[in-house]
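Only one structure is covered here, and it is reproduced in the block below.
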Amino acid sequence: MKVLILGAGAVGLCLAARLSPHCEVHAVCRKRHADAIAQRGFVMTGLWGEGTYRFPASEDVPEGEHFDYIFITAKSLATRSICEQFAGVIQGTDTVSLQNGLGNEEIIAEYTDRVIGGTIITGFEWKGDAGVHVSVVGGPMKLGRFPDGADPAVDALVDLVRRSGIPVEASSHIRGDLWAKTLYNSALNPLGALMNVPYGKLLDPTVWGVIENVIREAYAVMAAESVHVPWPTADDYLAFLRDVQIPSTAGHHASMLQDILHGNATEIDFMNGAIAARAEKHGLSAPYNDCITRLVHFRETLREP
């Protein structure tokens with residue numbers, strides 16, 4: 001089996017490392033990472049295991065190669081440009097979005113009719129150009145045919161990922177899994193970034209009311225789109241967020257904060273921005289998600305920390 005990983009950063013390179021003993025894998029990444037991997041291998045530590053891995057990595061796809069599966073692991077902002085650049089490789093190939101937010105799968109579907117949705121709730125920390133520490137695992141990776149359902153191709157990929165040692169489950173309602181992750185991200189990521197605080201601080205009653213409204217607006221959109229998540233009501237999810245998810249990641253700082261501090265564009269349009277846009281499409285109101293999106297975009301324009 002041959003697997004291609006496009007936009008391989010910390011997530012994609014760790015995935016390539018774990019898959020490399022079990023299949024042929026090629027990672028498309030930045031030159032500095034590819035050069036470092038070629039020179040001394042890729043070093044992974046933490047909850048996905050310890051080891052040095054060697055696998056081919058470059059800035060481009062080897063000519064004439066055909067792959068059974070393609071993973072896109074880049075930031076959501078890069079999804080369309082990656083699909084444009086590698087359209088000939090993606091066309092007709094099972095292509096997995098292993099990214100944050102909503103809308104990536106719809107973009108990929110413009111380039112292939114074989115889209116697989118994926119979620120991963122795992123923390124990755126760079127340790128040099130060819131090293132990553134896996135610091136947090138919040139649950140198994142989930143893979144499912146997009147927009148819904150499962151099939152033998154998904155099952156075969158799940159089996160491959162499981163044999164590599166990564167916790168994974170097949171999903172028959174991947175849209176719900178994507179929304180479940182987006183609920184968590186949209187509630188905590190932008191507020192943690194805007195206020196420069198770890199997630200545990202967001203339990204303060206002053207800001208918790210904002211989070212409640214972000215989630216209630218999201219649930220209204222999910223109802224309009226017939227999406228189901230494990231928590232039947234917004235109150236059910238808010239209780240889970242307050243009592244389980246935030247305590248387990250109380251000291252975590254938002255990845256969006258790192259983007260802001262480094263002067264990079266954030267993925268806000270695929271999180272709260274996507275909720276607000278879909279609300280408008282369905283004739284619903286989402287002022288809290290819209291406001292947060294605007295505030296993050298404004299913060300992106302400020303160069304000072």
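The values are calculated or read from the model by the stated rules, or taken from the named source; none is laboratory data. For clarity, every value in this text was computed on a predicted model and none was experimentally measured. FYI the Cβ positions are ideal-geometry reconstructions off the backbone, even for glycines, and counts take in every protein chain you see. For accessibility, only protein heavy atoms count, side chains too; no ligands or nucleic acids. Shrake-Rupley method; radii C 1.70, N 1.55, O 1.52, S 1.80 Å.
Observations, loosely collected:
- Taking the square roots of five times each eigenvalue of the Cα gyration tensor of the stretch 14-61, the equivalent ellipsoid has semi-axes of 17, 13, 8 Å, listed largest first.
- Scoring 264-276, 50-62 by mean Cβ neighbours within 10 Å over their residues and listing the highest first yields 264-276, 50-62.
- Peptide packing for 69-77, 210-218, 39-47 was compared via the average number of neighbouring C-beta atoms within 10 Å per residue; ordered from the highest value, the list is 69-77, 210-218, 39-47.
- Karplus (6.51, -1.76, 1.60) ³J(HN,Hα), θ = phi - 60°, over the stretch 13-25, in Hz, Gly and Pro reported as x: 6, 5, 4, 4, 4, 5, 6, 4, x, 10, 6, 7, 10
- Average accessible surface area per residue within the chain, 1.4 Å rolling probe, Å²: 43 Å²
- Isotropically averaged projected area of the chain, using the convex hull of Cα atoms (one quarter of hull area), nm²: 15.0 nm²
- Orientation-averaged projected area, Cα convex hull of the stretch 25-110 (nm²): 6.5 nm²
- Helical contribution to [θ] at 222 nm, DSSP H n ≥ 4, -39,500 (n - 2.57), averaged over the chain, rounded to 500: -12500 deg cm²/dmol
- Given charges at Cβ of Lys, Arg, Asp, Glu: the chain dipole, positive-most of Leu15, Ala274, Gly46: Gly46
- The portion of the accessible surface of the chain made up by carbon and sulfur, rounded to a whole percent, is 52 (1.4 Å probe; DNA, RNA and ligands excluded).
- Alpha-carbon centroids, the stretch 30-52 and the stretch 179-237: separation in whole Å: 35 Å
- Degrees separating the helix 31-40 axis from the principal Cα axis of the chain, which is the longest one: 50 degrees
- Checking the Cα-Cα distances for Lys31/Lys75; Lys2/Lys281; Lys31/Lys127; Lys2/Lys31 against a 28 Å cut-off, the pairs over it are Lys2/Lys281.
- Stokes-Einstein D (µm²/s) once Rh is taken as the Kirkwood radius of the stretch 81-199 over alpha-carbon pairs, at 20 °C in 1.002 mPa s: 137 µm²/s
- Cβ-based charge dipole, the chain, positive-most Cα from His33, Gly209, Thr93: His33
- Backbone amide hydrogens, once placed in the peptide plane, bring Val136 within less than 5 Å of Gly123, excluding anything fewer than 5 places away on its chain.
- On Cα atoms only, tilt of 272-281 relative to the major axis of the chain in degrees: 70 degrees
- Derived scalar couplings ³J(HN,Hα) [the stretch 130-135; Karplus, 6.51 cos²θ - 1.76 cosθ + 1.60; whole Hz; x for Gly, Pro]: 9, x, 9, 9, 8, 9
- For Val43, distant residues with modelled amide H under 5 Å away: Tyr53, Gly131, Val132
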